[in-house]
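Colleague: Below is one structure. I have some questions about it.
The values are calculated or read from the model by the stated rules, or taken from the named source; none is laboratory data. None of the values given here were measured: they were computed from a predicted structure. Neighbour counts are summed over all protein chains in view; Cβ atoms, including those assigned to glycine, are modelled from backbone coordinates with ideal geometry. Just so you know, the surface numbers come from the protein's heavy atoms only, side chains and all, with ligands and any DNA or RNA stripped out. Shrake-Rupley method; radii C 1.70, N 1.55, O 1.52, S 1.80 Å.
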Amino acid sequence: MSLPQVVSREEWLVARKELLAKEKEVTRTRDALNADRRRLPMVEIDKEYVFEGRDGEASLLDLFEGRRQLIVDHFMFDPIWDDGCPSCSGRVDQYGNLAHLHARDTTMAAVSRAPLAKIEPFKARMGWTFPWYSSFGSDFNYDFHVTLDEAVAPIEYNYRDKEELEQAGSHDPKGELHGTSVFLREGDSVFHTYSTYGRGTEQVGGTHYYLDMTALGRQEEWEEPAGRATGVPSAGDSGVRYHDDYDA
């Protein structure tokens with residue numbers, strides 16, 4: 001195993017400051033990228049999707065749970081599988097307490113093609129409490145390109161068609177894949193604002209990374225575009241509180 005070079009504290013500090021300059025550059029670049037993401041136009045969803053949840057049938061609007069934004073984790077769980085995808089499981093383990101998202105008018109939900117009868121036992125085994133819906137029998141997974149079946153819809157993943165995927169080395173792409181999609185609600189109208197796939201779903205480092213994918217962002221004063229910071233708890237700071245303190 002090759003370990004870092006051992007140096008004096010003074011030498012380490014010089015190297016650390018050099019790295020800090022690069023980190024700050026990446027942070028500024030990320031902030032600009034997130035601002036560009038929030039400037040993306042959006043598309044109205046005009047198709048009726050039917051999901052199955054613990055309380056029965058649900059529409060896409062129902063998945064918002066009355067909030068203004070919805071983040072959907074496209075969790076890989078084929079109807080013929082007994083368990084969900086291990087990699088997706090590792091991702092959703094990092095959700096944390098969803099009260100921080102809820103305080104910013106944002107709902108997180110997982111959606112898979114597996115029937116609810118398979119989802120619920122696996123969810124209980126994992127000890128998860130987040131909302132998880134079955135899209136079995138609907139076009140949802142195919143329309144958002146996380147289930148690839150050429151007999152149902154043209155192949156597309158991460159904004160590449162079948163030919164582009166094959167050129168990139170993805171031979172015979174098919175089956176269940178992962179992604180994250182974000183929606184915004186205006187009254188009873190639902191709009192698709194963003195989707196990311198592949199390594200884009202690594203952005204689950206915490207509440208802020210999820211909010212960075214949404215149209216309203218982190219809802220803090222320093223963000224661009226300006227004017228989207230209404231409703232932030234404890235205006236003037238990051239807005240993060242203990243999760244049981246938001247009601248107060």
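Colleague: Can Y194 be described as assigned to a strand (DSSP E or B) and open to solvent by 30 Å² or more (accessible area, probe 1.4 Å)?
Modeller: On the way: assigned to a strand (DSSP E or B): yes; open to solvent by 30 Å² or more (accessible area, probe 1.4 Å): yes.
So Y194 passes the test.
Colleague: Which one of these is in contact with a helix residue (DSSP H, G or I) (Cβ under 8 Å, 6 or more places away or on another chain), over 25 Å from W222 (Cβ atoms) and not β-branched (V, I, T): G66, G84?
Modeller: On the way: G66 fails: in contact with a helix residue (DSSP H, G or I) (Cβ under 8 Å, 6 or more places away or on another chain).
Result of the check over G66, G84: G84.
Colleague: Yes or no: segment 110-129 includes at least one residue that is in contact with a His (Cβ under 6 Å, 6 or more places away or on another chain) and open to solvent by 10 Å² or more (accessible area, probe 1.4 Å).
Modeller: no
Colleague: To continue, here is another question. Would you confirm whether any residue within segment 27-38 is more than 18 Å from the chain's Cα centre (by Cα) and open to solvent by less than 70 Å² (accessible area, probe 1.4 Å)?
Modeller: Step one: list which residues in segment 27-38 are more than 18 Å from the chain's Cα centre (by Cα), which gives 27-29, 32.
Then drop every residue that is not open to solvent by less than 70 Å² (accessible area, probe 1.4 Å), which leaves 27, 32.
Checked segment 27-38: at least one residue is more than 18 Å from the chain's Cα centre (by Cα) and open to solvent by less than 70 Å² (accessible area, probe 1.4 Å).
Colleague: Could you list, in sequence order, all residues of segment 50-75 that are in contact (Cβ under 8 Å) with a residue 60 or more places away in the chain, assigned to a strand (DSSP E or B) and not acidic (D, E)? Spell out how you get there, then give the answer.
Modeller: Start the filter on segment 50-75 by keeping residues that are in contact (Cβ under 8 Å) with a residue 60 or more places away in the chain, which leaves 50-54, 58, 60-61, 63-65, 67-75.
Checking which are assigned to a strand (DSSP E or B) leaves us with 51-53, 58, 69-74.
Within segment 50-75, F51, G53, A58, Q69, L70, I71, V72, H74 qualify.
Colleague: Inside segment 30-49, can you point out the residues that are assigned to a strand (DSSP E or B) and either closer than 16 Å to H102 by Cα or among the hydrophobic types (A, V, I, L, M, F, W, C) (or both)? Let's see the steps before the verdict.
Modeller: Of segment 30-49, the ones assigned to a strand (DSSP E or B) are 43-44.
Correct list: V43 only.
Colleague: If N141 satisfies all but one of (1) open to solvent by 30 Å² or more (accessible area, probe 1.4 Å); (2) modelled with pLDDT of 95 or more, what's the number of the condition it fails?
Modeller: Evaluating N141 over (1) open to solvent by 30 Å² or more (accessible area, probe 1.4 Å); (2) modelled with pLDDT of 95 or more leaves (1) as the failure.
Colleague: Among the residues of segment 174-191, write down those that are surrounded by fewer than 18 Cβ atoms within 10 Å (Cβ to Cβ) and either of a type in the set (D, E) or over 15 Å from S112 (Cβ atoms) (or both).
Modeller: K174, E186, G187, D188, S189, F191
Colleague: Out of segment 197-222, which residues are open to solvent by less than 30 Å² (accessible area, probe 1.4 Å), of a type in the set (F, W, Y) and without any contact (Cβ under 8 Å) to a residue 60 or more places away in the chain?
Modeller: Selection gives Y197 alone.
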